[in-house]
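Working notes for the structure below.
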Amino acid sequence: MNTQKVVKFNLIMSCVILLVFVVMFLGVTIAYFTDTKQTTNTFTAGNVRITLVESAVKPDEYGNLVKDPDQMMFTGKRDMSEVRDYGRVYPGMSVYKDPTITNTGDSPEWIAAKVTLTDGAGDLHKVIGYPGYAEIDIERLLTGGLLDEHVDVEDWNGIEDVCVNDRYVMIQVANNAEGKYEFYFLMLEPLEVGESVMLFKQVIFDQKWNNDHMKELAELRINVQAYGVQTQQLSDCFQAMTMAFPDHFPFNSDIK
């Protein structure tokens, strides 16, 4: 292998906790009067809430960044972005990164996430892009969690070339001109109260990558957003996300 030039990059973990579409009848009473009786009906809003957290890391003896059990979890705050700079990386290195969504509400929820990879100073497609196509192979960079599950590639809800299994679907939207690649994860079954799902577990840098490969990964950024929507009156996750967050899940447009 050529001399491994170290390249500094940033991984952004942007955690969005979104509470949506709850019935807003807090503390409302409706009274019906007759000659002798009064009937009072009380309607209470549901509680839609999620958390998105990621483990703290520390270097091991080989220079990899591994989970640090002695440190608190890295937690995103609503409407804020927190930046984690993992420092200098090199071929053969791995970084423990486990964005995990948990249903902390009081009822089942439809759960989805968007993982955005941004080039920075390089060209990510040159390293892990499919020849002749705009898309990239996310599994050459990220591994573990949902990405370790077997999927088939097929058309789904009018969208071409979707990765799908019985548990989730993953839709990629590539924008080579901007150096941005968006991966949408939609869980096909509601997440129960207290249940969690890990999107992926590690960032890996292939030992076979050389100086030129690593230059294209300069200032690579990974942004993760999580979304939760009530299950009531919504038949599936696709309907929930496209109705509740049309600007974030624009799949009723011409994305094919």
Original post:
Restricting attention to the stretch 191-211, and to residues there that are in contact with an Asp or Glu (Cβ under 6 Å, 6 or more places away or on another chain) and of a type outside the set (D, E, K, R), which single residue is surrounded by the fewest Cβ atoms within 10 Å (Cβ to Cβ)?
Top reply: Met198
**OP:** Filter the stretch 246-256 for residues that are crowded, with 16+ Cβ neighbours inside 10 Å and modelled with pLDDT of 90 or more and give the result.
**Re:** His248, Phe249
Original post:
What tally of residues in the stretch 212-242 results from selecting those that are over 16 Å from Met187 (Cβ atoms), open to solvent by 60 Å² or more (accessible area, probe 1.4 Å) and not charged (D, E, K, R)?
Top reply: 2
Original post:
Among Thr118, Thr51, Thr102, which is of a type in the set (Val, Ile, Thr) and either over 25 Å from Ala240 (Cα atoms) or more than 15 Å from the chain's Cα centre (by Cα) (or both)?
Top reply: Thr118
Original post:
Any residue at all in the stretch 223-243 that is modelled with pLDDT of 90 or more, of a type in the set (Gly, Ala, Ser), farther than 23 Å from Tyr86 by Cβ and assigned to a loop (DSSP other than H, G, I, E, B)?
Top reply: yes
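Rundown of residues vs (1) of a type in the set (Ser, Thr, Tyr); (2) open to solvent by less than 10 Å² (accessible area, probe 1.4 Å); (3) touching a residue at least 60 places away in the same chain (Cβ under 8 Å), yes/no style:
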position	(1), (2), (3)
Pro131	no, no, no
Ile136	no, yes, no
Leu142	no, yes, yes
Asp148	no, no, no
Val151	no, no, no
Arg167	no, no, no
Ala177	no, no, no
Original post:
Does at least one position in the stretch 66-85 carry a residue that is surrounded by 13 or more Cβ atoms within 10 Å (Cβ to Cβ), modelled with pLDDT of 90 or more and touching a Phe, Trp or Tyr at 6+ places or on another chain (Cβ under 7 Å)?
Top reply: yes
Original post:
For the stretch 142-173, which residues satisfy the criterion of being at pLDDT below 95 and touching a helix residue (DSSP H, G or I) at 6+ places or on another chain (Cβ under 8 Å)?
Top reply: Asn157
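The values are calculated or read from the model by the stated rules, or taken from the named source; none is laboratory data. Nothing here was measured: the structure is a model prediction, and the numbers come from that model. Positions of Cβ are backbone-derived with ideal geometry, glycine not excepted, and every protein chain shown enters the neighbour counts. When the accessible area is computed, the model is the full protein with side chains, heavy atoms only, and any ligands, DNA or RNA have been set aside. Shrake-Rupley method; radii C 1.70, N 1.55, O 1.52, S 1.80 Å.
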